[in-house]
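Enquirer: Shown below is the structure under consideration.
The values are calculated or read from the model by the stated rules, or taken from the named source; none is laboratory data. Small disclaimer: the values here were computed from a predicted structure and weren't measured. Note that each Cβ is placed from the backbone with ideal geometry, even for glycine, and that neighbours are counted across all protein chains shown.
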């Protein structure tokens, strides 16, 4: 129980990677404050699984893509959870299209949902952690697309690259407060969104061609989040942990 006595806020926790992080944090002993968008059909199911693990969990529906939504979320999280020891910042929004045809308004929405939203919630939680003292853990969920220029993803690639460098800058500034700030870069991960985008057959076929013989799972990412949120990672800050089963190297063999 590496995280016993800790409370974690996880954004985008209804399904996919956010859900995987929430469940693994709970298995490691943390109590949870879960966020997902208003009207999410998934949040209560995630919370039920966490309660079955014997952990305390609160659910907060809020728009984590906006400053006002993040302020609402943070205030409620501090009230319900008391001290927030751990933040898993997992907002993301992606739309695929060719660069020449990419809609400028869509580009701005992707950057706002993937990069700017991470700034808003991390700043609010960091202010709380500094004010209460005792350090803290902030983990940003990024992507291997921060370093791989995958086609049809100009906005998402740029936003994730910006997120990585933003995290390193935040880590530099928060080090005097002993707040560890790190990044996880998932590779191709088996989530409902990927199945919707590519289809079940393509997921199975292409997953078998990857170096590890499968796509990653939300639990793979969650276990990495547990490590970075634990005392075992006390001397790690400003780092990027790639959890991709060798996806970056799939064309190098």
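Enquirer: Select from the range 55-75 the residues that are over 17 Å from residue 6 (Cα atoms) and either part of a helix (DSSP H, G or I) or touching a strand residue (DSSP E or B) at 6+ places or on another chain (Cβ under 7 Å) (or both) and list them in ascending order.
Expert: Within the range 55-75, 60, 61, 62, 64, 67, 68, 69, 70, 71, 72, 73, 75 qualify.
Enquirer: Also, quick follow-up: Answer yes or no: is there a residue in the range 32-52 that is part of a loop (DSSP other than H, G, I, E, B), touching a helix residue (DSSP H, G or I) at 6+ places or on another chain (Cβ under 6 Å) and closer than 29 Å to residue 133 by Cβ.
Expert: No: zero hits.
Enquirer: Pick from the range 131-142 the residues that are under 14 Å from residue 171 (Cβ atoms) and over 12 Å from the mean Cα position of the chain (by Cα): which of them is surrounded by the most Cβ atoms within 10 Å (Cβ to Cβ)?
Expert: 137
Enquirer: Exactly one of these conditions fails for residue 50: (1) more than 19 Å from the chain's Cα centre (by Cα); (2) at pLDDT 95 or above. Give me its number.
Expert: Only one criterion is unmet by residue 50, namely (1).
Enquirer: If you don't mind, there's one more thing I want to ask. Look through 115, 148 and report the one residue that is within 23 Å of residue 20 (Cα to Cα) and either in contact with a helix residue (DSSP H, G or I) (Cβ under 6 Å, 6 or more places away or on another chain) or in contact (Cβ under 8 Å) with a residue 40 or more places away in the chain (or both). Spell out how you get there, then give the answer.
Expert: Working: 148 fails: within 23 Å of residue 20 (Cα to Cα).
After ruling out the rest, the residue left standing is 115.
Enquirer: Which numbered condition in (1) closer than 29 Å to residue 232 by Cα; (2) without any contact (Cβ under 8 Å) to a residue 60 or more places away in the chain; (3) assigned to a loop (DSSP other than H, G, I, E, B) is the only one that residue 97 fails?
Expert: Every condition holds for residue 97 apart from (1).
Enquirer: Considering each residue of the range 229-241, count those that are part of a strand (DSSP E or B) and more than 16 Å from residue 88 (Cα to Cα), and give that number.
Expert: Number of matching residues: 0.
Enquirer: To continue, here is another question. Is there a residue in the range 184-197 that is touching a helix residue (DSSP H, G or I) at 6+ places or on another chain (Cβ under 8 Å) and free of Cβ contacts under 8 Å to residues at least 12 places away in the same chain?
Expert: Yes, that holds for at least one residue.
Enquirer: Being within 15 Å of residue 30 (Cβ to Cβ) and surrounded by fewer than 20 Cβ atoms within 10 Å (Cβ to Cβ) is the filter here, so list the residues in the range 220-234 that pass it.
Expert: 223, 227, 230, 231, 232, 233
Enquirer: Residue check, residue 84 against (1) touching a helix residue (DSSP H, G or I) at 6+ places or on another chain (Cβ under 6 Å); (2) surrounded by fewer than 19 Cβ atoms within 10 Å (Cβ to Cβ), all met but one. Which one?
Expert: (2)
Enquirer: Counting only residues that are assigned to a loop (DSSP other than H, G, I, E, B) and either in contact with a strand residue (DSSP E or B) (Cβ under 8 Å, 6 or more places away or on another chain) or touching a residue at least 60 places away in the same chain (Cβ under 8 Å) (or both), which one in the range 209-223 is farthest from residue 139 (Cα to Cα)? First the steps, then the outcome.
Expert: Of all residues in the range 209-223, those assigned to a loop (DSSP other than H, G, I, E, B) come to 209-215, 217.
Restricting the remaining residues to those that are either in contact with a strand residue (DSSP E or B) (Cβ under 8 Å, 6 or more places away or on another chain) or touching a residue at least 60 places away in the same chain (Cβ under 8 Å) (or both) gives 215, 217.
Working: 215: 22, 217: 18 Å.
Filtering first and then ranking leaves 215.
Enquirer: How many residues does the range 224-253 contain that are in contact (Cβ under 8 Å) with a residue 24 or more places away in the chain and closer than 21 Å to residue 145 by Cβ?
Expert: 17
Enquirer: Moving on to the next point. Given the criteria closer than 16 Å to residue 230 by Cβ and either at pLDDT below 95 or out of contact with any helix residue (DSSP H, G or I) (no Cβ under 7 Å at 6 or more places or on another chain) (or both), does residue 27 qualify? Even if it seems obvious, please write down each step before you answer.
Expert: On the way: closer than 16 Å to residue 230 by Cβ: yes; either at pLDDT below 95 or out of contact with any helix residue (DSSP H, G or I) (no Cβ under 7 Å at 6 or more places or on another chain) (or both): yes.
For residue 27, the condition - closer than 16 Å to residue 230 by Cβ and either at pLDDT below 95 or out of contact with any helix residue (DSSP H, G or I) (no Cβ under 7 Å at 6 or more places or on another chain) (or both) - is met.
Enquirer: Inspect the range 235-246 for any residue being surrounded by 18 or more Cβ atoms within 10 Å (Cβ to Cβ), closer than 21 Å to residue 118 by Cβ and out of contact with any strand residue (DSSP E or B) (no Cβ under 6 Å at 6 or more places or on another chain) and give the result as yes or no.
Expert: Yes: the range 235-246 contains one or more residues that are surrounded by 18 or more Cβ atoms within 10 Å (Cβ to Cβ), closer than 21 Å to residue 118 by Cβ and out of contact with any strand residue (DSSP E or B) (no Cβ under 6 Å at 6 or more places or on another chain).
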